[in-house]
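Just so it is clear, none of the values below were taken in a lab; they were calculated from the coordinates. This structure is a prediction, so every number in the text was calculated from the model and none was measured. Here the Cβ is made from the backbone with ideal geometry for all residues, glycine too, and neighbour counts use every protein chain on show.
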Amino acid sequence: MGRANRQEGGGATQQGGRIVVSIVVTAVALAFVVAHLIWPDLEIDAIALAFVGIAIVPWLGPLLESIEFPGGFKANFREVQQRIEEVKKTTDEALTRTEEVHQTAQDALSATQAVKETAQDALSETRAVKETAQDALSETRAVKETAQAALSRAEEIDKKVSEQQL
């Protein structure tokens, strides 16, 4: 079904792709022929051919819907490509969100530092007010002592004046 849909929608593209793949496969085959002529002792065994086949498979993705290997391994190129795109999109979204969280954390850190500086300024002002209050208290005590001394002296004078009048 996937093949029929593709042929209807993109027949010219598919034909061009097949030509390219045909040229590549032919070039690889001719390269093996030339290698065999240059190095007749060079053995190309089944493992080498399997690696060549594996190397070609990813390039066949645009032309094939799926490929099945002996042993039951099957690769669906469309699904793999779609999953790759989904993973890329998710990764990009996660990266964007991470950058947003990083910026929010930076903003919070800046705000916290500003609050810390304000608190330190308030603490310094509170200490200055405390020192001023302590100085004022000391002066008030001194004035109180002076006033008590003056009151005592006034009482003494008052007492002497009362005694002299009697």
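Please give me the summed charge of the neighbours of Ala128: other residues whose Cβ is under 13 Å from its Cβ, Lys and Arg +1, Asp and Glu -1.
Net charge in that neighbourhood comes out at -2.
Over all alpha-carbon pairs in segment 103-166, figure out the percentage whose distance exceeds 16 Å.
Values: 1420 of 2016 pairs.
Roughly 70 percent, rounded to a whole number.
What does a probe at Gln148 reach in segment 119-135, counting residues whose amide N is under 20 Å from the point 7 Å along Cα→Cβ?
Output list for this probe position: 134-135.
Could you work out how far apart the two model spin labels at Gln113 and Thr96 are, taking each label as a point 7 Å from the Cα in the direction of the beta carbon, and quote it in nm?
2.9 nm
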